[in-house]
Amino acid sequence: VTFSTLLVALFVCCGPVSTESEGTYEALDPCPVPRPGVLVGGLIGSGDDALVTPTRVLVLMGGGGEDDLASRRFVESAGGGDIVILRASGSLTSYPSYFTATLAPQPVPETVVTLLTVIPQEGADPAVLCWVNRAEAVWLAGGDQWDYLGLWPPELHTGLSKVSERGGAVGGTSAGAVAL
C-alpha cells in the first residue's frame with residue numbers, strides 16, 4: 001500500500017457488509033417539497049423508506065477520482081436501504097447513476113437521491129432533514145468546504161451524526177470528506 005493509495009480511499013468499518021437484503025419497505029408520507037434553495041434530483045428507486053439494518057462504515061476519499069472498491073463498500077453498507085447524496089454544487093445525477101449502475105452493488109439500494117443545497121443555509125429545510133433522517137447512508141460530494149462547515153446549519157450536522165449513531169454509513173470525497 002502506497003501513501004497515494006491511502007489518499008484515494010480510507011474506509012473504517014465496524015462489521016461485515018451483508019450482501020443479502022432482509023428488510024422491508026414502507027411507503028411513508030413522502031418528504032416535503034423543498035423550499036427555494038434546495039433541489040432534489042437524480043432519484044433512482046422507489047422513494048419508499050427502506051426498513052433495513054445498515055452496517056456502520058466511514059468512507060473518506062480525496063487526492064484523485066473515486067475508488068470503486070471503497071465506493072461499492074459504502075453503497076453495500078446501506079444494506080439495500082436508502083442513500084442520500086448531499087452537495088452544495090454540481091450534478092444532481094452523477095452519483096445516483098454511479099452508485100447503482102456503474103458499481104453494480106449487491107444488494108441494490110432501494111432509493112438513491114441527490115439533495116443540492118444551492119443556498120447552503122437551507123440545509124435545515126424540512127425536506128433535507130426528512131431525507132437524511134430516513135437514510136441508511138449519506139454521501140457528501142466534493143465542493144467548497146466552507147459551504148459544508150461554515151454555512152450548513154447545525155440541524156443538518158446533527159442529522160448526519162444521527163445517521164452514524166444509528167449504525168448507518170457515512171462518506172464523502174474531497175470537501176465532503178473534510179466536513180465529516
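Here are the numbers for this structure:
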{"item": "Candidate set: the range 62-78, residues that are more than 13 Å from the chain's Cα centre (by Cα) and of a type outside the set (D, E, K, R); chosen: the one nearest to D147 (Cα to Cα)", "result": "G62"}
{"item": "Selection count where residues are buried (at least 24 other Cβ atoms within 10 Å of the Cβ) and among the hydrophobic types (A, V, I, L, M, F, W, C), scope the range 62-82", "result": "3"}
{"item": "Residues of the range 133-164 satisfying the condition of being of a type in the set (A, V, I, L, M) and over 12 Å from the mean Cα position of the chain (by Cα)", "result": "L149, L151, L156"}
{"item": "Residue in the range 22-29 that is among the aliphatic types (A, V, I, L, M) and modelled with pLDDT of 95 or more present", "result": "no"}
{"item": "The range 145-180 - residue that is closer than 19 Å to G64 by Cβ and assigned to a loop (DSSP other than H, G, I, E, B) and, of those, modelled with the lowest pLDDT", "result": "L180"}
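The values are calculated or read from the model by the stated rules, or taken from the named source; none is laboratory data. Please read these numbers as outputs of a predicted model, since none were measured by experiment. We place every Cβ from the backbone using ideal geometry, glycine too, and count neighbours over all the protein chains shown.
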